[in-house]
Amino acid sequence: MNYDPNNIFARILRSELPCIKVSETAHTLAFMDVMPQSDGHVLVIPREAASTIHDVSDAALAECMREVKRVAAAVRDALQPDGMLIAQFNGEAAGQTVPHIHFHIIPRWHDAPLKQHARVRADDATLEAQAERIRGALGH
Ligand code: AMP
């Protein structure tokens, strides 16, 4: 897939758009999903310009998965969910809405149904409070 350098996540990586940051490394960025499917929904992206899993380099994907695991552990420690969904979509037909590869970390609770995908904007104060707890669990 041709990479669109002006997609939302590319612009967040260039700091042209804001995000509520959870962590960053030389190769990755993790931030709160602004239309979360549950409390504590975090996105992890590689800095590499790649649309889907078919485009990303093995090295960037490995760095990204390492960060997914580390951030997922921090989300678990911070929010104590009953379980955790990790998801990644490739192409519009699969539900991908932003064409820069990303992994969803979605904490799940037995009594909380999954909210609809990318529908309702959460308020920044709530997201920032959750990010603060997750950053704390990461030791930031
Ligand atoms: P996908 O449908 O897998 O491409 O997921 C894209 C995700 O990005 C959705 O869950 C959206 O809620 C989320 N999203 C869209 N715009 C932003 C943004 N500016 N900051 C954070 N998350 C976003």
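Odds and ends about this structure:
- From Ile86, Ile105, residue being open to solvent by less than 10 Å² (accessible area, probe 1.4 Å), of a type in the set (Val, Ile, Thr) and either part of a strand (DSSP E or B) or more than 14 Å from the ligand (Cβ to nearest atom) (or both): Ile105
- Residue match in segment 12-32 (condition: without any contact (Cβ under 8 Å) to a residue 60 or more places away in the chain, within 9 Å of the ligand (Cβ to nearest atom), open to solvent by less than 60 Å² (accessible area, probe 1.4 Å) and over 19 Å from Gly136 (Cβ atoms)): yes
- Those residues of segment 60-101 which are under 15 Å from the mean Cα position of the chain (by Cα) and of a type in the set (Asp, Glu), in sequence order: Glu63, Glu67
- Among residues of segment 39-53, those that are open to solvent by 10 Å² or more (accessible area, probe 1.4 Å) and within 15 Å of the ligand (Cβ to nearest atom), counted: 2
The values are calculated or read from the model by the stated rules, or taken from the named source; none is laboratory data. Here the structure is a predicted model, which means the values were calculated and not measured. Because the Cβ atoms are built from the backbone with ideal geometry, glycine has one as well, and the counts that use them run over all protein chains shown. Note: areas computed on protein heavy atoms with side chains; ligands, DNA, RNA excluded. Shrake-Rupley method; radii C 1.70, N 1.55, O 1.52, S 1.80 Å.
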